[in-house]
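Data first, discussion second: the structure below is written as C-alpha cells.
The values are calculated or read from the model by the stated rules, or taken from the named source; none is laboratory data. All values reported here derive from a predicted model rather than from experimental measurement. Backbone-built Cβ (ideal geometry, glycine too); neighbour counts: all protein chains shown.
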Amino acid sequence: MHTAESIKSVVRERYSEIAHQDKALNETTCCGSGAAGGTYTIMADSYASLPGYNPDADLGLGCGLPTEFAHIQSGDTVLDLGSGAGNDAFVARAETGAAGKVIGVDFTPAMVQRARQNAEKLGYNNVEFRQGDIEDLPVVDASVDVVVSNCVLNLVPDKAKVFTEIARVLRPGGHFSISDVVLVGDLPDSLRDAAEMYAGCVSGAIQMDAYLDLARQGGFENVTVQKQKPILIPDHILLEFLTPEQLKTFVASGTGIFSITLYAEKPGGDPSEKQQRADSRKTQMRNLAAEAGKACCASGSGCC
Ligand SMILES: C[S@@+](CC[C@H](N)C(=O)[O-])C[C@H]1O[C@@H](n2cnc3c(N)ncnc32)[C@H](O)[C@@H]1O
C-alpha cells in the first residue's frame, strides 16, 4: 500500500537522479520518465525563443508554457511551484524585471541546488529557490501576485491542499497559471501503465473535471482552461495493448491524456485591474484561436 509519504519519497528520488541528468535524456517525456526514446516530444511548445530562457535550467520536464498565460507585470512577486532547475522561474524573471521577485519552491534538494547555481551564474539577486513541499508552502500569507507551475501537481498526493495553499499565499485578486497533465475518460489500466512508461506524469494524473473542481473548491473564480492539447501515444504502442478494432473505438471515444494550462483568480483585489486582465486574456485567446484557424466563439475556442 502506497502512502502519501512513500509516494513523495519515490518522486523525490526520481527527481534527484534527473537533477543530475541532461535534457536529452529527459525530453522525450514530460516529467522525465525517460522511457520513450525516439523523436516524440510532449513539450511541443518551445521555450528557446522566450526572453529569460536559460538552457541550463531546462531539463525538458515541462508539459506547457504556464508563463504564456500568467499575465506577469513588471514588479510582480511570482511563485513557481515545483521549480526544478528554474526553467519557468527565469522566464518569469524576464517579465517581473529587477523590480519584482521570483520564488521557486521544490522539495528535491538536488533540484534546489541546481536552480540556485543557475541563479548565481545569472547574477540575479531577486530569484530565490526554497526547499519545501508545495502542500505546505514556505511562503507567508497574501504575499504573492502570481503563481505558476509546470507539470508538478500530478505528482502530488494531496492536490486539494496545494490549491488551499495557493489561495493562502496569493494576495486578494492574485491569480495562477498552471500547466499539468490530466485525463479525460477512463483509460483502461493496461493503457494507463503503457502511457506512464511512455509519457510519465500519468500515474498521479486525475480527471480534468475533478482538477477544475479542486481549483473551484479552493476558492478560486474565473477558472479557465487556457490551452489544451492531447498527449498522443503512437498507434504502434497502443497496438501492443489493443486490437485494431479496440484502437479505433478508443480513438473515437475522446478518452485520452491531455496537457492543460489552467488559469484562475483569487477573489478580491482591484476590479479595474481584473477587468484589464480579462480583456487581455480574451484578446490572447482570440489570437490563439485565429492562429489555430478556429473561429473565435466556436465551441472550445475559449475566447468569448
Ligand atoms: C516534472 S518536474 C517539473 C520541474 C519544472 N517545473 C520544469 O518544468 O522544469 C517536477 C518537479 O516537482 C518537484 N515536486 C514534486 N512534488 C513536489 C512537492 N510535493 N513539493 C515540492 N516539489 C515537488 C520535483 O522535485 C520536480 O523538480
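Is it true that LYS248 is charged (D, E, K, R) and part of a helix (DSSP H, G or I)? It is true that LYS248 is charged (D, E, K, R) and part of a helix (DSSP H, G or I). Considering the conditions (1) farther than 13 Å from ASN126 by Cα; (2) surrounded by 21 or more Cβ atoms within 10 Å (Cβ to Cβ), ARG93 is excluded by exactly one of them, (1).
Kindly indicate the residue of region 95-127 that is basic (Lys, Arg) and under 17 Å from GLY82 (Cα atoms) and also nearest to the ligand (Cβ to nearest atom) among those meeting that condition. It comes out as ARG114. Tell me yes or no: at least one residue of region 74-82 is more than 28 Å from GLY173 (Cβ to Cβ) and crowded, with 23+ Cβ neighbours inside 10 Å. Within region 74-82, not a single residue is more than 28 Å from GLY173 (Cβ to Cβ) and crowded, with 23+ Cβ neighbours inside 10 Å. Go through region 233-250 and count every residue that is loosely packed, with under 14 Cβ neighbours inside 10 Å and not hydroxyl-bearing (Ser, Thr, Tyr). Summing the residues that are loosely packed, with under 14 Cβ neighbours inside 10 Å and not hydroxyl-bearing (Ser, Thr, Tyr) in region 233-250 gives 8. Whether any residue in region 205-215 is touching a residue at least 60 places away in the same chain (Cβ under 8 Å), within 15 Å of the ligand (Cβ to nearest atom), among the small types (Gly, Ala, Ser) and closer than 24 Å to HIS2 by Cβ is what I want to check. Within region 205-215, none of the residues are touching a residue at least 60 places away in the same chain (Cβ under 8 Å), within 15 Å of the ligand (Cβ to nearest atom), among the small types (Gly, Ala, Ser) and closer than 24 Å to HIS2 by Cβ.
Being under 30 Å from LEU239 (Cα atoms), more than 16 Å from the ligand (Cβ to nearest atom) and either in contact with a His (Cβ under 7 Å, 6 or more places away or on another chain) or hydrophobic (A, V, I, L, M, F, W, C) (or both) holds for only one residue in LEU155, LEU191, LEU170, and it is LEU191. Among the numbered conditions (1) of a type outside the set (Val, Ile, Thr); (2) more than 14 Å from the ligand (Cβ to nearest atom); (3) part of a strand (DSSP E or B), the only one that ASP180 does not meet is (2).
On the given criteria, is ASP56 at pLDDT below 90 and within 30 Å of GLY123 (Cβ to Cβ)? Against the criterion (at pLDDT below 90 and within 30 Å of GLY123 (Cβ to Cβ)), ASP56 does not qualify.
Yes/no matrix, rows are residues, columns are (1) touching a strand residue (DSSP E or B) at 6+ places or on another chain (Cβ under 7 Å); (2) farther than 23 Å from ILE18 by Cα; (3) touching a residue at least 40 places away in the same chain (Cβ under 8 Å):
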position	(1), (2), (3)
GLY104	yes, no, no
MET111	no, no, yes
ARG114	no, no, yes
ALA119	yes, no, no
VAL139	yes, yes, yes
VAL147	yes, yes, yes
ASN150	yes, no, yes
